[in-house]
Amino acid sequence: MRHQCRVPLLGRPADQRKAMLRSLTTQLIRHGRLTTTRARAKALRDQAERMVTLAKDGSLAARRRALGYLYDKRLVHALFDRAAERYGDRNGGYTRIIRTVRRRGDNAEMAIIELV
């Protein structure tokens, strides 16, 4: 039973799941918009919003935590430069998930996740 297990497993071992979420978070911040399955989008939302919250903080410790998580160093610096003016008045809710048509091959629920 999975009572009160909050981590979505996504059908992968822990190391592959963490690497996949890191790469999806990097791509979302780089491009601003990403098409993926709905379950991955929901799992990705937590990580992406955590990175934007770190960027809003702007401290050196927050920058080092973001550098340890995201794969692109220049992307982290760009995120920290523009996050304060873009999300300064928001208290969360930096991403939006929009449901789209189901995938043709396996009928998986697809979604577009984007930064607001």
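The values are calculated or read from the model by the stated rules, or taken from the named source; none is laboratory data. Treat the numbers as computed from the prediction; the structure is a model and nothing was measured. So basically every Cβ, Gly included, is an ideal-geometry build from the backbone, and we count neighbours across all protein chains shown. Side chains are part of the model used for accessible areas, which takes the heavy atoms of the whole protein and leaves out ligands, DNA and RNA. Shrake-Rupley method; radii C 1.70, N 1.55, O 1.52, S 1.80 Å.
For the full complex of protein chains and a 1.4 angstrom probe, list 116, 7, 76, 101 by accessible area with the highest value first. Mind dumping the intermediate values first?
Details: 116 40, 7 90, 76 0, 101 120 Å².
From most exposed to least exposed: 101, 7, 116, 76.
What value, in deg cm²/dmol to 500, does the helix sum -39500 (n - 2.57) over DSSP H runs of n ≥ 4 give at 222 nm once divided by the residues of the chain?
About -18000 deg cm²/dmol.
Using only the alpha carbons of the chain, determine the length spanned along each of the three principal axes and report them from longest to shortest in whole angstroms.
Cα extents, longest axis first: 42, 28, 26 Å.
State the answer as a single residue: which of 26, 97, 5 lies farthest towards the positive end of the charge dipole of the chain, with beta carbon charges of +1 for Lys and Arg and -1 for Asp and Glu, about the Cα centre.
5
In debye to the nearest 20, how big a dipole does the chain give about its Cα centre with +1 on each Lys and Arg Cβ and -1 on each Asp and Glu Cβ?
For this selection, approximately 300 debye.
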